[in-house]
Amino acid sequence: MSKKILVLPGDYIGPEIMAEAVKVLAAVDTQFGLGLELEYGLLGGAAIDETGVPLPDETLERAGAVDAILLGAVGGPKWDNVERHLRPERGLLGIRSKLGLFGNLRPAILYPQLADASSLKPEIVSGLDILIVRELTGGIYFGEPRGIRTLENGEREGYNTYKYSESEVRRIGHLAFELARKRNKKVCSVDKANVLEATVLWREVMEEIAPEYPDVELTHMYVDNASMQLVMRPKQFDVVVTGNMFGDILSDTAAMLTGSIGMLPSASLDKDGRGMYEPCHGTAPDIAGQGKANPLATILSAAMMLRYTLASPEAADAIEAAVSKVLDQGLRTPDIHSEGTQLVGTVEMGEAVVAALAS
Ligand code: NAD
């Protein structure tokens with residue numbers, strides 16, 4: 001049976017890194033007889049240039065019809081001055097919410113070969129393997145009312161609404177517990193229940209569903225402490241589950257524990273496990289067009305797609321092993337380069353992964 005993938009390369013380094021991920025997908029398709037069918041679409045700045053909007057109806061329709069979506073990254077200075085509702089990021093938020101992609105999985109894994117790339121001491125981070133599960137379609141990023149208004153005294157006021165319904169917390173909680181079952185069986189739920197009522201409810205609901213997973217340990221942590229613990233003793237965490245805004249911030253911190261954002265994949269899943277897969281980083285306009293971007297985060301996102309949505313764990317394993325092999329060979333893009341390793345560009349890195357798959 002064929003598996004349809006919508007590829008959305010996006011902007012700046014997006015098309016460069018995506019080209020390498022597509023080569024890797026073609027290689028595992030042949031090797032494992034997966035029957036992958038790739039089609040391409042527009043999102044973000046590329047879509048604005050072509051159609052005037054960041055999320056064209058055609059992209060949304062096709063996204064709803066395929067098995068999985070692989071995205072590069074969107075946005076950049078070229079579109080900084082377009083109206084707010086037409087910004088490239090709106091395309092991204094729109095596709096996530098329209099497809100109901102509520103569960104964002106961001107693994108922070110430190111490859112032992114890159115222990116030196118972390119800004120933390122190797123003994124604190126070596127062997128790190130955390131999975132941050134971030135709620136993606138609710139919370140303060142979507143809460144209404146929101147806006148900037150002028151008060152009676154003439155002063156302007158910006159306001160947003162932080163809210164979570166019970167069912168929203170329940171579904172992200174279940175996802176976190178299920179994932180923890182396949183890992184080290186620990187869930188740490190991060191909130192700010194000492195200050196925010198919305199997260200008092202969050203904590204209560206997490207407690208309510210915990211008895212359904214007696215094999216998984218549930219703990220709670222305030223977000224300020226979690227940010228501190230992440231850099232102090234990151235290996236205490238297995239699965240961290242949290243809301244949209246806290247997850248946005250903590251997952252970037254976790255990303256930096258691993259040395260380079262260019263190494264980190266992510267998945268955004270709907271209730272049926274269908275999903276969109278993308279690197280954690282943005283479009284890196286500062287290095288676009290120079291052949292310097294690290295394609296590994298996108299290649300590893302393709303591996304997550306094979307594992308979580310396309311039910312091809314053996315192909316996912318093969319890609320991850322091939323990435324580890326090229327790191328063993330000492331190949332490094334500039335973002336992860338250190339003395340004694342071999343500097344390579346985007347294309348060489350992608351081709352090395354393809355070669356490692358075959359060997
Ligand atoms: P960024 O992640 O694009 O870049 C931050 C730094 O990391 C830069 O120095 C960049 O060169 C480097 N970097 C990022 N990816 C890399 C890679 N694969 N290889 C090597 N180095 C890499 O973040 P930013 O500069 O804050 O944002 C740039 C644009 O990307 C903005 O328009 C932002 O809105 C957008 N953005 C998009 C997404 C997304 O599409 N999911 C996410 C974050 C930012």
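The values are calculated or read from the model by the stated rules, or taken from the named source; none is laboratory data. Only a predicted model underlies this, so the values are computations on that prediction, with no experimental measurement involved. Note that each Cβ is placed from the backbone with ideal geometry, even for glycine, and that neighbours are counted across all protein chains shown. Keep in mind that these areas ignore ligands, DNA and RNA; they rest on the heavy atoms of the full protein, side chains included. Shrake-Rupley method; radii C 1.70, N 1.55, O 1.52, S 1.80 Å.
When Asp252, Asp238, Asp215 are checked against the criterion of being under 29 Å from Ala316 (Cβ atoms), open to solvent by 60 Å² or more (accessible area, probe 1.4 Å) and either in the same structural domain as Leu105 (by TED's automatic domain parsing) or within 20 Å of the chain's Cα centre (by Cα) (or both), Asp252 stands alone in meeting it.
Just one of the numbered conditions (1) within 28 Å of Ala318 (Cα to Cα); (2) of a type outside the set (A, V, I, L, M, F, W, C); (3) open to solvent by 10 Å² or more (accessible area, probe 1.4 Å) is not true of Gly103: (3).
The residues of region 7-48 that are open to solvent by less than 30 Å² (accessible area, probe 1.4 Å), farther than 22 Å from Arg96 by Cβ and within 11 Å of the ligand (Cβ to nearest atom) amount to a single one, Glu20. The residues on offer are Ile148, Ile124, and the sole one that is assigned to a helix (DSSP H, G or I), not assigned by TED's automatic domain parsing to the domain that holds Ala297 and not aromatic (Phe, Trp, Tyr) is Ile124. Within the option set Gly275, Gly282, being in the same structural domain as Gly44 (by TED's automatic domain parsing) and surrounded by fewer than 23 Cβ atoms within 10 Å (Cβ to Cβ) holds for one residue only, Gly282.
Restricting region 295-321 to residues that are of a type in the set (S, T, N, Q) and open to solvent by less than 10 Å² (accessible area, probe 1.4 Å) leaves a set whose member that is nearest to the ligand (Cβ to nearest atom) is Thr298.
In region 186-197, what residues are in contact with a strand residue (DSSP E or B) (Cβ under 9 Å, 6 or more places away or on another chain) and not β-branched (Val, Ile, Thr)? Outline the logic, then answer.
We begin by selecting, within region 186-197, every residue in contact with a strand residue (DSSP E or B) (Cβ under 9 Å, 6 or more places away or on another chain); these are 186-195.
Hits for region 186-197 are Lys186, Cys188, Ser189, Asp191, Lys192, Ala193, Asn194.
Could we say that Ala46 is in a helix (DSSP H, G or I) and under 21 Å from the mean Cα position of the chain (by Cα) here? Here the answer is yes, as Ala46 does meet what is asked.
Residues that are assigned to a helix (DSSP H, G or I), open to solvent by 30 Å² or more (accessible area, probe 1.4 Å) and within 14 Å of the ligand (Cβ to nearest atom) within region 49-84 comprise Pro77, Lys78, Arg84, listed in sequence order.
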